[in-house]
Structure formats: C-alpha cells, structure tokens
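Asker: Below is the structure I would like to discuss, written out as structure tokens.
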Amino acid sequence: MNTKNLNEIPNCRVILVGAMGVGKSTVGKLLAEILAWEYIDNDFEISKLASLSIKQLSQLDIPTLHALESDYLKDILTRPTPLIAGAAASIADNLDLIDALENEFTVYLYSPLENLMKNAGTTGVGRQGLVENPSEVIRERFERRDPRYRRIASLIIDISVGPEIAVKLIVEKLKA
C-alpha cells in the first residue's frame, strides 16, 4: 500500500465494530502499522483494566463481561487521538455507547450471518454464550446488532475482501 500522503489523515479515533471473530484485531493491527497510530486491543485492554487474565475474562458470566466491555469503550472514547481500537460486539446492546459512536470514525466490519456461524467458535472471550445453541444465539445477536452497527458506521466493509483490502478502504475513507 502506498503510504504517501498519510499526513493528510486527520487525527481521530478509529473504532472497529462487528461480530466476534470478524477480524477487528487483525484489521486494527494492520491499520495501526500503516498509520503509525496506537492500536488498542479490546480483550487485552479489558484484561488490564479489570486485573484479570484473558482466561479469567473468558470464564466470566455474560452480564459481567458486557459491563467490562462497556467500561472499556467509555474509557477509549476519552483517550487522546489518534488511536485505533476494537470494540466488543456487545457494545451494540448499549444504546448510549451506540449514540456516542456516531461521533467517531466507526468502521463496521460486516460478515454475512452464514460466515459468522462457521467462524465464531465456542471458546475464548465473549464466546461463553455460544456453548448451548450457538446458531440460535449468533442469529439473534446478528439480527439485533447489525442495524445498530449500520446506523453508526462511517464506513461498512464486507470483511470477505480480506484484511489488507479492508485496511486500504479505511485509509482511503480517512483521506477523503
């Protein structure tokens, strides 16, 4: 990717949203490398803020985990720019956070429902709720969250283009 003229990009917060396993961390790290901006990983940062290991986070009950995820994003939205951060999928269930993200450069990494069902897995942070009836849970979450992500998105990218193309599209939109 041509990194010439990256100084044209205004300092801002790039917040990556989307379902679990869609590639927010992968895209965020690649974007941070190209822009030379800080990347803040959702799970790692929540682990640090809560003084819990990643394994301990993956064992929390869902309401506690979602509360930590909301607290993390509230903290991110107060940090100085520029930065890139992934947001937990659950933030779509917090309408105050959804409203706050309308004022940020929010990128919705979209994946079709059938791909989410294939790729979600049942282990790791946030996947505690997928142990029983994962297809039902993923479908319900997708149907509820997708319109909210779309409402706040500065940019929607079908992640099937791959992380490198996704990063290129984000950089182009930031420069526009």
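The values are calculated or read from the model by the stated rules, or taken from the named source; none is laboratory data. Predicted model only: the values in this text are computed from it and were never measured. As a convention, Cβ positions derive from the backbone with ideal geometry for all residues, glycine included, and neighbour counts pool all protein chains shown.
Asker: Wholly within the range 18-84, which helices (runs of 4 or more DSSP H) include no fewer than the required count, namely at least 3 residues that are of a type in the set (A, V, I, L, M) and touching a helix residue (DSSP H, G or I) at 6+ places or on another chain (Cβ under 8 Å)?
Answerer: By residue number, 24-35, 42-50, 62-76.
Asker: Could you go through the range 54-67 and let me know if any residue there is of a type outside the set (A, V, I, L, M), crowded, with 17+ Cβ neighbours inside 10 Å and under 24 Å from V167 (Cα atoms).
Answerer: No - not one qualifying residue is present in the range 54-67.
Asker: In addition: Could you tell me which residue of the range 123-155 is nearest to I170 (Cα to Cα), considering only residues that are surrounded by fewer than 12 Cβ atoms within 10 Å (Cβ to Cβ) and modelled with pLDDT under 80?
Answerer: Ranking the candidates gives T123 first.
Results for (1) on the phi > 0 side of the Ramachandran plot; (2) among the polar types (S, T, N, Q), shown as yes or no for each residue.
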| position | (1), (2) |
| --- | --- |
| G18 | yes, no |
| Y39 | no, no |
| N42 | no, yes |
| S51 | yes, yes |
| K55 | no, no |
| D61 | no, no |
| T81 | no, yes |
| A85 | no, no |
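Asker: Looking at the range 82-122, which of its residues are β-branched (V, I, T) and at pLDDT 95 or above?
Answerer: Scanning the range 82-122 gives I84, T106, V107.
Asker: What's the total number of residues in the range 75-92 that are surrounded by fewer than 21 Cβ atoms within 10 Å (Cβ to Cβ) and touching a residue at least 24 places away in the same chain (Cβ under 8 Å)?
Answerer: Of the residues in the range 75-92, 7 are surrounded by fewer than 21 Cβ atoms within 10 Å (Cβ to Cβ) and touching a residue at least 24 places away in the same chain (Cβ under 8 Å).
Asker: Oh, and also: Taking the residues in the range 37-74 that are more than 17 Å from the chain's Cα centre (by Cα) and without any contact (Cβ under 8 Å) to a residue 12 or more places away in the chain as candidates, determine which candidate is nearest to R141 (Cα to Cα).
Answerer: Only one residue tops the list, namely P63.
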